[in-house]
Amino acid sequence: MTDPEFPKKPIIKLEEEREFDLSFLDKEIIQPEKGYRFTADALLLADTIHPQPNETILEFGGGCGIIPLILAKKYPTVKITSFEIQEELASCAKKNVELYELQNQIVILNEDAREGWQKFTNGSFQRVVSNPPYRESGKGKLNPSSDKAIARHEISLNLNDIIQWSSFLLQPGGRLNFIFPSSRYREATLLLEKNNFDLTNIEEVKRTRNSVKILEACYKP
(Lines give C-alpha, C1' and ligand atoms only; values in the text may rest on other atoms or scores of the structure.)
Protein backbone atom coordinates (compact mmCIF):
# COMPACT_ATOMS: atom_id res chain seq x y z
CA MET A 1 0.00 0.00 0.00
CA THR A 2 1.31 3.43 -0.90
CA ASP A 3 1.52 6.16 1.67
CA PRO A 4 -1.63 8.32 1.75
CA GLU A 5 -1.33 11.77 0.30
CA PHE A 6 -0.91 14.47 2.91
CA PRO A 7 -3.25 17.45 2.78
CA LYS A 8 -2.10 20.50 0.90
CA LYS A 9 -2.45 22.62 4.02
CA PRO A 10 0.54 22.45 6.39
CA ILE A 11 0.18 21.02 9.86
CA ILE A 12 -0.92 23.79 12.18
CA LYS A 13 1.11 23.90 15.39
CA LEU A 14 -0.85 24.59 18.54
CA GLU A 15 0.59 25.56 21.89
CA GLU A 16 0.59 22.92 24.61
CA GLU A 17 -1.17 25.27 26.98
CA ARG A 18 -4.04 27.36 25.66
CA GLU A 19 -7.12 29.02 27.05
CA PHE A 20 -10.65 28.15 25.99
CA ASP A 21 -13.53 30.58 26.12
CA LEU A 22 -16.30 28.53 27.70
CA SER A 23 -18.25 31.50 29.00
CA PHE A 24 -21.29 30.27 27.08
CA LEU A 25 -21.34 27.22 29.38
CA ASP A 26 -22.65 29.27 32.27
CA LYS A 27 -23.80 26.38 34.42
CA GLU A 28 -22.05 23.55 36.20
CA ILE A 29 -20.77 20.66 34.07
CA ILE A 30 -21.86 17.52 35.86
CA GLN A 31 -19.12 14.87 36.05
CA PRO A 32 -18.40 11.85 38.25
CA GLU A 33 -16.78 12.86 41.54
CA LYS A 34 -14.36 9.99 41.04
CA GLY A 35 -13.32 8.23 37.86
CA TYR A 36 -12.94 9.55 34.33
CA ARG A 37 -13.43 13.29 33.77
CA PHE A 38 -13.04 15.20 30.54
CA THR A 39 -9.62 16.61 29.67
CA ALA A 40 -8.21 19.42 27.54
CA ASP A 41 -8.15 17.04 24.56
CA ALA A 42 -11.95 17.12 24.35
CA LEU A 43 -11.83 20.93 24.35
CA LEU A 44 -9.11 20.96 21.69
CA LEU A 45 -11.16 18.68 19.46
CA ALA A 46 -14.38 20.66 19.92
CA ASP A 47 -12.55 23.88 19.13
CA THR A 48 -11.56 22.60 15.65
CA ILE A 49 -15.06 21.49 14.61
CA HIS A 50 -17.06 23.99 12.54
CA PRO A 51 -20.32 22.38 11.38
CA GLN A 52 -22.66 23.81 8.79
CA PRO A 53 -26.19 24.91 9.80
CA ASN A 54 -28.54 21.99 10.49
CA GLU A 55 -25.76 19.41 10.39
CA THR A 56 -26.44 15.94 11.79
CA ILE A 57 -23.54 14.79 13.98
CA LEU A 58 -22.73 11.44 15.60
CA GLU A 59 -20.25 11.09 18.45
CA PHE A 60 -18.55 7.91 19.63
CA GLY A 61 -17.45 7.88 23.28
CA GLY A 62 -19.18 11.00 24.56
CA GLY A 63 -18.22 10.86 28.23
CA CYS A 64 -20.13 13.47 30.24
CA GLY A 65 -21.26 15.18 27.04
CA ILE A 66 -18.80 18.07 26.94
CA ILE A 67 -18.29 18.06 23.15
CA PRO A 68 -22.03 17.94 22.29
CA LEU A 69 -22.65 20.72 24.84
CA ILE A 70 -20.03 22.97 23.26
CA LEU A 71 -21.19 22.31 19.69
CA ALA A 72 -24.88 22.69 20.49
CA LYS A 73 -24.33 26.00 22.28
CA LYS A 74 -22.08 27.40 19.56
CA TYR A 75 -24.16 26.07 16.65
CA PRO A 76 -27.83 26.09 17.72
CA THR A 77 -29.22 24.35 14.61
CA VAL A 78 -27.08 21.19 14.70
CA LYS A 79 -28.45 17.84 15.87
CA ILE A 80 -26.11 15.55 17.81
CA THR A 81 -26.40 11.88 18.78
CA SER A 82 -23.77 10.64 21.24
CA PHE A 83 -22.87 7.08 22.24
CA GLU A 84 -21.49 6.45 25.74
CA ILE A 85 -21.14 2.88 26.99
CA GLN A 86 -20.55 3.70 30.66
CA GLU A 87 -23.76 4.17 32.62
CA GLU A 88 -22.44 6.78 35.08
CA LEU A 89 -20.94 8.96 32.34
CA ALA A 90 -24.06 8.65 30.18
CA SER A 91 -26.18 9.63 33.18
CA CYS A 92 -24.02 12.73 33.70
CA ALA A 93 -24.32 13.57 29.99
CA LYS A 94 -28.12 13.30 30.08
CA LYS A 95 -28.25 15.54 33.16
CA ASN A 96 -26.04 18.10 31.43
CA VAL A 97 -28.31 18.11 28.39
CA GLU A 98 -31.31 18.74 30.64
CA LEU A 99 -29.46 21.37 32.68
CA TYR A 100 -28.66 23.34 29.51
CA GLU A 101 -32.11 22.64 28.02
CA LEU A 102 -30.64 21.13 24.87
CA GLN A 103 -32.98 18.14 24.55
CA ASN A 104 -34.03 19.31 21.08
CA GLN A 105 -30.43 19.18 19.88
CA ILE A 106 -28.69 16.36 21.75
CA VAL A 107 -29.59 12.69 22.25
CA ILE A 108 -27.42 10.57 24.59
CA LEU A 109 -27.40 6.82 23.95
CA ASN A 110 -26.16 4.66 26.85
CA GLU A 111 -25.22 1.79 24.54
CA ASP A 112 -22.28 -0.17 23.27
CA ALA A 113 -21.45 1.53 19.98
CA ARG A 114 -20.21 -1.79 18.57
CA GLU A 115 -23.86 -2.81 18.33
CA GLY A 116 -25.67 0.50 18.44
CA TRP A 117 -24.20 2.00 15.27
CA GLN A 118 -26.03 -0.63 13.23
CA LYS A 119 -29.42 0.89 14.05
CA PHE A 120 -28.66 3.75 11.67
CA THR A 121 -28.97 3.57 7.89
CA ASN A 122 -26.26 4.32 5.36
CA GLY A 123 -25.55 8.05 5.09
CA SER A 124 -27.48 9.03 8.23
CA PHE A 125 -24.99 11.70 9.32
CA GLN A 126 -22.99 14.59 7.92
CA ARG A 127 -20.28 14.46 10.58
CA VAL A 128 -18.77 11.96 13.03
CA VAL A 129 -16.63 13.09 15.96
CA SER A 130 -14.67 11.15 18.55
CA ASN A 131 -12.10 11.58 21.29
CA PRO A 132 -11.29 7.85 21.33
CA PRO A 133 -9.15 5.77 23.68
CA TYR A 134 -5.49 6.30 22.82
CA ARG A 135 -3.82 3.16 24.13
CA GLU A 136 -3.87 -0.09 22.23
CA SER A 137 -5.53 -3.08 23.88
CA GLY A 138 -2.96 -5.31 25.53
CA LYS A 139 -0.30 -2.61 25.67
CA GLY A 140 0.61 -0.62 28.75
CA LYS A 141 -0.70 -0.94 32.28
CA LEU A 142 -4.47 -0.91 32.68
CA ASN A 143 -5.86 1.56 35.17
CA PRO A 144 -7.44 -0.32 38.11
CA SER A 145 -10.48 1.95 37.71
CA SER A 146 -12.63 0.25 35.05
CA ASP A 147 -14.12 3.53 33.80
CA LYS A 148 -10.68 5.07 33.29
CA ALA A 149 -9.42 1.88 31.66
CA ILE A 150 -12.31 1.90 29.14
CA ALA A 151 -11.75 5.59 28.41
CA ARG A 152 -8.00 5.23 27.89
CA HIS A 153 -7.51 1.77 26.37
CA GLU A 154 -9.10 0.30 23.25
CA ILE A 155 -11.29 -2.10 25.18
CA SER A 156 -14.76 -1.29 23.85
CA LEU A 157 -13.88 1.26 21.17
CA ASN A 158 -10.96 1.59 18.76
CA LEU A 159 -10.02 3.84 15.87
CA ASN A 160 -10.30 1.10 13.24
CA ASP A 161 -13.95 0.52 14.15
CA ILE A 162 -14.74 4.24 14.30
CA ILE A 163 -13.35 4.84 10.81
CA GLN A 164 -15.08 1.77 9.34
CA TRP A 165 -18.44 2.67 10.88
CA SER A 166 -18.04 6.27 9.74
CA SER A 167 -17.57 5.17 6.12
CA PHE A 168 -21.05 3.63 6.32
CA LEU A 169 -22.77 6.27 8.43
CA LEU A 170 -21.51 9.39 6.66
CA GLN A 171 -22.99 10.92 3.56
CA PRO A 172 -20.55 11.44 0.67
CA GLY A 173 -18.56 14.55 1.53
CA GLY A 174 -19.26 14.07 5.25
CA ARG A 175 -16.54 14.84 7.77
CA LEU A 176 -14.79 12.78 10.43
CA ASN A 177 -13.07 14.65 13.29
CA PHE A 178 -10.93 12.97 15.92
CA ILE A 179 -7.88 13.49 18.13
CA PHE A 180 -5.17 10.85 18.38
CA PRO A 181 -1.57 10.39 19.58
CA SER A 182 1.06 11.69 17.18
CA SER A 183 2.90 8.40 17.68
CA ARG A 184 -0.01 6.60 15.94
CA TYR A 185 -0.44 9.13 13.15
CA ARG A 186 0.71 6.83 10.34
CA GLU A 187 -1.67 4.10 11.53
CA ALA A 188 -4.53 6.60 11.47
CA THR A 189 -3.73 7.87 7.96
CA LEU A 190 -3.53 4.34 6.55
CA LEU A 191 -6.91 3.47 8.07
CA LEU A 192 -8.42 6.63 6.59
CA GLU A 193 -7.04 5.85 3.14
CA LYS A 194 -8.29 2.26 3.32
CA ASN A 195 -11.82 3.49 4.06
CA ASN A 196 -12.00 6.22 1.37
CA PHE A 197 -11.24 9.27 3.49
CA ASP A 198 -9.12 12.21 2.39
CA LEU A 199 -7.35 14.23 5.07
CA THR A 200 -8.46 17.85 4.92
CA ASN A 201 -6.93 19.32 8.07
CA ILE A 202 -4.33 18.44 10.69
CA GLU A 203 -3.51 20.35 13.85
CA GLU A 204 -0.74 19.23 16.16
CA VAL A 205 -0.36 19.87 19.87
CA LYS A 206 3.26 19.42 20.90
CA ARG A 207 3.83 18.22 24.44
CA THR A 208 6.78 16.99 26.42
CA ARG A 209 5.00 13.65 26.48
CA ASN A 210 2.08 12.31 24.46
CA SER A 211 1.79 14.89 21.69
CA VAL A 212 -1.49 14.65 19.76
CA LYS A 213 -2.82 15.43 16.32
CA ILE A 214 -6.36 16.62 15.62
CA LEU A 215 -7.51 15.29 12.28
CA GLU A 216 -10.38 16.11 9.95
CA ALA A 217 -11.08 13.84 6.99
CA CYS A 218 -13.66 13.95 4.20
CA TYR A 219 -15.48 10.79 3.12
CA LYS A 220 -15.19 10.32 -0.65
CA PRO A 221 -16.59 6.93 -1.67
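The number of residues in segment 187-200 being under 15 Å from the mean Cα position of the chain (by Cα) and surrounded by fewer than 20 Cβ atoms within 10 Å (Cβ to Cβ) comes to 0.
Do we find a residue being in contact with a Cys (Cβ under 9 Å, 6 or more places away or on another chain) and either within 17 Å of Leu157 (Cβ to Cβ) or among the hydrophobic types (A, V, I, L, M, F, W, C) (or both) anywhere in segment 70-82? No, segment 70-82 contains no residue that is in contact with a Cys (Cβ under 9 Å, 6 or more places away or on another chain) and either within 17 Å of Leu157 (Cβ to Cβ) or among the hydrophobic types (A, V, I, L, M, F, W, C) (or both). Is it fair to say Leu102 is in contact with a Leu (Cβ under 8 Å, 6 or more places away or on another chain) and at pLDDT 95 or above? Considered against the rule, which asks whether it is in contact with a Leu (Cβ under 8 Å, 6 or more places away or on another chain) and at pLDDT 95 or above, Leu102 comes out as yes.
Here is the figure for segment 163-186: residues that are more than 18 Å from Thr48 (Cα to Cα), within 16 Å of the chain's Cα centre (by Cα) and outside any helix (DSSP H, G or I) total 1. Annotation: Val128 fulfils all but one of (1) out of contact with any Asp or Glu (no Cβ under 6 Å at 6 or more places or on another chain); (2) at pLDDT below 95; the unmet one is (2).
The values are calculated or read from the model by the stated rules, or taken from the named source; none is laboratory data. All of these numbers come straight from a predicted model, not from anything done at the bench. With ideal geometry, Cβ positions are generated from the backbone for all residues, glycine too; neighbour counts draw on all protein chains shown.
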